[in-house]
1. Run down A:244, A:250 and say which single residue is of a type in the set (Gly, Ala, Ser) and either surrounded by fewer than 23 Cβ atoms within 10 Å (Cβ to Cβ) or within 14 Å of chain B (Cβ to nearest Cβ) (or both).
2. In region A:569-588, is there at least one residue being in contact with a Ser or Thr (Cβ under 8 Å, 6 or more places away or on another chain), modelled with pLDDT of 80 or more, surrounded by fewer than 24 Cβ atoms within 10 Å (Cβ to Cβ) and not in a loop (DSSP other than H, G, I, E, B)?
3. Counting residues that are of a type in the set (A, V, I, L, M) and under 29 Å from residue A:280 (Cβ atoms), which helices (runs of 4 or more DSSP H) fully inside region B:36-139 reach at least 1?
4. Could you tell me whether any residue of region B:108-115 is at the interface with chain A (Cβ under 10 Å from one of its Cβ atoms), in contact (Cβ under 8 Å) with a residue 60 or more places away in the chain and touching an Asp or Glu at 6+ places or on another chain (Cβ under 6 Å)?
5. Would you mind finding the one in A:262, A:230, A:196 that is within 14 Å of chain B (Cβ to nearest Cβ), of a type in the set (Gly, Ala, Ser) and part of a helix (DSSP H, G or I)?
6. Assuming residue B:212 fulfils every condition listed in (1) in a helix (DSSP H, G or I); (2) more than 16 Å from the chain's Cα centre (by Cα) apart from one, which condition is it?
7. Listed residues B:283, B:259, B:313; which is farther than 21 Å from residue B:240 by Cβ and touching a Phe, Trp or Tyr at 6+ places or on another chain (Cβ under 9 Å)?
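The values are calculated or read from the model by the stated rules, or taken from the named source; none is laboratory data. Please read these numbers as outputs of a predicted model, since none were measured by experiment. Note that we place each Cβ from the backbone using ideal geometry, even for glycine, and neighbour counts take in every protein chain shown.
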Amino acid sequence: MNSQQIPTTLADPVNSRTRPAGGAGRFMMFKAVTLVVVTLIVLMLVNRVDWAHSMPQAWTVDAGSYITRLLAHITQFTIGSYTIVDISRWISGVLALPQRFLGGLLVEGFRFSLFGLAPVTLPAIPWFSMFFVLTLLSARFGGRKLALLVGGCLAYFLFTGLWVSAVNTLVTVAVAIPIGCSLGLLLGILAYRYPAAEAVLEPFYDTMQTLPIFSYLVLIVVFFGFGPIAGLVALVIYAMPPMARITTFALRHTPQSIVELAQITGCTPRQQCWNVQVPAARATLLTGLNQVIMLTFSTVIICAIIGGEGLGADVLRGLKSMRLGGALVAGVAITLMAIMLDRACRIWIMRRPGHEQSKKGLLTLVCVLVTVAGVVAVWLYPNVATFPKALEFEPGKFLNQQLRVFNLAFQPQLSALRDGVISGLLRPTRELFGSFGWLPGLIGFGGLALISGGRKLAVMVVLMLGAVAWFGLWDKAMVSLYLVIISTLTAIVLGLPLGILAGLNRKAFVILEVVADTLQTLPAFVYLIPVVVLFEVGDFAAYIAIVLYGLAPVSRYVATSLQQVGGDYKEVARMNGCNGTQQFFHVLLPLALPQIVLGISQTIMLSFGMLIVVALVGSQGLEAQTLSAIGRVQPGEGLISGLGIAALAITVDRIVRATTNKLTPSTKRASGEQA
Amino acid sequence: MLNPIAHTEPLALKAIDVWKVFGADCEAYLKVQGSARDAQALEKLGYTTGVREASFEVRTGEIFILMGLSGSGKSTLLRCLTGLYSLSAGEVMITDQSLASATSQQLMDIRRRKISMVFQNFGLLPHLSVLENIAFPLRMNGTPRDKRLAEAQRVLELVGLKGRELFYPHELSGGQQQRVGIARSLVTDPSIWFLDEPFSALDPLIRKEMQNEFIRLQRSLRKTIVFVTHDFDEAVRLGDRIAIMQNGEILQIGTAEDLVLKPANDYVRAFVQDIPRDKVVSLRAILEPLSAHAVHHEPFELDQKIGTATHRLIASDHAIAVKDAQGTLVGQVSRQSYSRWLTK
């Protein structure tokens, strides 16, 4: 409903929902209940049949190993005298150039020998020069606030001894973001200008966004090997689709007068694109850049799995060796860097060109001078290149100790909580999901899809889940599904009251916004850390991590959708004599409902994303198989189980969305149903 | 009326039975229907008619106004005349070049050299300074940088924006932004100038000021102009001839005086009702045969609007002579003939 319209009556949202008249309604209800009961009984009977419960080995196909073999063939396929792998390795060599250059400039310095003399090392720009220049620049362009933020973050990196890791991450990101953005921009323009290209690219993006990143990490390993460059490629691939989509969107929404201007001045299509539409869409494109930055940082840790360097590797190492304090400190560093770049970019976006000339020359001069002076200083006194060890303190170690103390003190309570939830909630649910055989499962999901979304959806769902069963992944898929469903439900049960409270109370809303903002900028991995500390690895830790991760979006969506109900509607409610409860149930809730359900479906998708991450703390579904496939370089297996997760996610998402559509009042549909 | 156009001026623009219909495959359908096209039949088939059977001619140096309420099809017709919309049927001739049969290369050429357009929402490029915005069409047609900046500077001064060269659009007021839009559309020295409600987005005072500015510019430029507006006052102030549109159809074309004196139907009559008649109607309407008593000193002109003569008419006890464009006395007007007209 358009909130800008001034509502004059409430009849629309409340009355237009079709309500069958009393007697007929009861009969329909009876019919529906009977149908459900009969179906359940039939399904349970079917479940008893052995081959319907677990698919016989002979029927399944090991698609994973086929794909692995196929990929092996592809990599050895020769064009001229080069194999595909030679070509992909050559690409990674090209990608390595900017990475090596920046790395040399900021971390390692350059070694070269002139005229056959002993090799000389030109030192990298030292920490103090970088600190000064970055803070100065942010002060100049973003004011005191940005300078404080940037200075503070840099100081955090210095004092926690993470400077080198942080700069390494910065280097990787600084190479990945421009490449990802420019490729995304080109693809987006392509899709805008040639609808055929869009028809090809669109489903591809969809798959990439639902496909867990692990499963294409394996592919990247096949083509690019392990190491920092493979990590870089993963970042680029991951960041590209949103940029491409935003570009297409922005170009499509260029103001009509601007497009007509381009035509009336006689621009060629190329001129219209590059001289008019792309520059005019600058603001939206920069928002895309912003998204790319956030996404890139959220994948930095994942890329460390295939050999990315920097902060991500620090977190991963900490997690693996249970030195959780260190992992936490590095995780916070990633968040800080993301926030820092995000704010800086936002200021860049908001900045509009002005006619006043600024003294850019002086600023550049100062920056260059400080940089050169720093390099010279390091050349003369190599000691100053590293931040004094004495000033570093290791909060990681301290945290580790504190955690140990805490754990010892509360061990009984924590274990009691864990065991209670496991035996009371997790295990029964897991057994319930585990008892669904593939055939009854297909029928059940197909039926749900049929009821909510019609025949087309049902066919899609049956085909996708059928493939999961056919590839012999059904049991693992049910383990993944159980974890996601139970965690999302818990998150909803906990988040709903929070969201409603914040939706009705302005003060609570402000607090929630701040908390949710902070939680949502944390990389998903950071959620694992406290969970593992308190509850060790296993299903329960995974469960808690997903719940925590889902809590922020659920409560936030609920609160925002309630807050967004226009003041006009509230006035209408009051003038129609609603009391507080009536206003909530008859006006606010119906108006906010579509948005709330949308939020819940978003949370389910986020939980599927988080599912991949919790594989690291020992969950056992498809996600664990994807993860282990990376280590064993089994791209087929990784890809297939990744696709399995995507199939589950899409199934649940589409069914929830179809149900939402059914719930949204529409007189058109109502009259159609009666006819 | 700024500059009465002699009917001997050459044609600059000609629209012949122009149709614009929205919907798939409407061209084929229109062709089959031939001259027996029927808008209602089209609507029934699910097509939307934007413009139907629009025919008119615009002479060089004339200001032709397309006038109508929103949804009347005036902007659609303008976009047909500039080739922004392809024609569903009919033909548009720009001097001697056909739009309907123009290739995209020819269309580009026409736009680069012969026509230009001013937009209601200015359509300024946010990333370019005022001077660069004005020079933009020249940049697109490949004019060297120095030349195009010099030319842009000249036009910029013409529209009174000197000193604002380096400003960006968002730093300017609405009126100034439209000055940039006007300057940009003039920089290629087009022969036909299209303006799509150029002053509608401005507040009344600025609008008045911009209209005066427009009149001043046109006095020196003498362009052929097609001007779209929904404001009849504006149409009367600026236009030589006005076409009134409703539902995609041109109801009547004529001078403001024609429309007021001989409205073609009730819709046009309702439209022109609130216009102060003495600002539109010329002395021709109250002309009497010349009598012996008429004052011959400083005779009125035949095309003069009644409003400009009222003061002297009322003050004078005698009838005053009227001369035509050649200076021959053709009749007289008097207090009596004026009051008879008023009470009619």
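1. None of the other options fit; the residue is A:250.
2. Within region A:569-588 (the criterion being in contact with a Ser or Thr (Cβ under 8 Å, 6 or more places away or on another chain), modelled with pLDDT of 80 or more, surrounded by fewer than 24 Cβ atoms within 10 Å (Cβ to Cβ) and not in a loop (DSSP other than H, G, I, E, B)), the answer is no, since none of the residues qualifies.
3. Per the criteria, B:74-81, B:104-113.
4. Checked against the condition, which is being at the interface with chain A (Cβ under 10 Å from one of its Cβ atoms), in contact (Cβ under 8 Å) with a residue 60 or more places away in the chain and touching an Asp or Glu at 6+ places or on another chain (Cβ under 6 Å), region B:108-115 yields no hits at all.
5. Only one candidate qualifies: A:262.
6. With respect to (1) in a helix (DSSP H, G or I); (2) more than 16 Å from the chain's Cα centre (by Cα), residue B:212 is out only on (2).
7. Answer to the selection: B:313.
Yes or no, residue by residue, for (1) under 24 Å from the mean Cα position of the chain (by Cα); (2) assigned to a helix (DSSP H, G or I); (3) closer than 28 Å to residue A:631 by Cβ; (4) not basic (Lys, Arg):
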residue: A:248; (1), (2), (3), (4): yes, yes, no, yes
residue: A:258; (1), (2), (3), (4): no, yes, no, yes
residue: A:279; (1), (2), (3), (4): no, yes, no, yes
residue: A:284; (1), (2), (3), (4): yes, yes, no, yes
residue: A:299; (1), (2), (3), (4): yes, yes, yes, yes
residue: A:308; (1), (2), (3), (4): yes, no, yes, yes
residue: A:315; (1), (2), (3), (4): yes, yes, yes, yes
residue: A:336; (1), (2), (3), (4): yes, yes, no, yes
